[in-house]
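Heads up: the structure comes next, in structure tokens.
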Amino acid sequence: MRLIEIIEKLENHSIENELRDFEVKGISCNSKSVSYGFIFVAIKGTHIDADKFIPEAIAKGAGAVIIQDGAHESVKISEYYNQAVFIKVADTRRALAVLAAEFWAHPSLRLHVVGITGTNGKTTTAFLIRNIFQA
């Protein structure tokens, strides 16, 4: 899937530098798992912002970086404009969910989920339901 196809699903995004389209190989919010052709989503945290890991993600081959509007004070992103596409969004957590669903062809649409709550009998009920579904 191409970058342009994926980012068109993002709400209210802006491209901070020149858009260079490429074949997206994966999406990650962990700079350690980024490799060539990935989109890195820099999620703003309560204690540590992933903006600090943008240089590492780009060095590992990230072709695009999703940043949150009002964040990225810890890294001067303009220094990396020639190495990756920067896309600004209002909420990076929401953007990660949207991008992942699009990239992996909305796997949740094919899932059947059953929730079991209560004080007693959850294990037995789960076992019975599993066997009914497998029959």
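The values are calculated or read from the model by the stated rules, or taken from the named source; none is laboratory data. Treat the numbers as computed from the prediction; the structure is a model and nothing was measured. As a convention, Cβ positions derive from the backbone with ideal geometry for all residues, glycine included, and neighbour counts pool all protein chains shown. What goes into the accessible areas is simple: the full protein's heavy atoms, side chains included, and nothing from ligands, DNA or RNA. Shrake-Rupley method; radii C 1.70, N 1.55, O 1.52, S 1.80 Å.
Quick look at the numbers
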item	result
Residue in the stretch 71-91 that is in contact with a Phe, Trp or Tyr (Cβ under 7 Å, 6 or more places away or on another chain) and more than 26 Å from residue 108 (Cβ to Cβ) present	yes
Some residue of the stretch 47-54 being under 15 Å from residue 20 (Cα atoms) and loosely packed, with under 13 Cβ neighbours inside 10 Å	no
Selection from the stretch 123-135 of residues that are more than 30 Å from residue 97 (Cα to Cα) and part of a helix (DSSP H, G or I)	123, 124, 125, 127, 128, 131, 132, 134
Close pairs from the stretch 12-38: first open to solvent by less than 30 Å² (accessible area, probe 1.4 Å), partner of a type in the set (Phe, Trp, Tyr) and assigned to a loop (DSSP other than H, G, I, E, B), Cβ under 8 Å, at least 6 apart	17/81; 37/22
The stretch 87-107 residues that are under 22 Å from residue 23 (Cβ atoms), paired with ones that are modelled with pLDDT of 95 or more and open to solvent by 30 Å² or more (accessible area, probe 1.4 Å) (beta carbon under 7 Å, 6 or more apart)	96/29
So residue 8, is it free of Cβ contacts under 8 Å to residues at least 60 places away in the same chain, farther than 26 Å from residue 105 by Cβ, among the acidic types (Asp, Glu) and open to solvent by 60 Å² or more (accessible area, probe 1.4 Å)	no
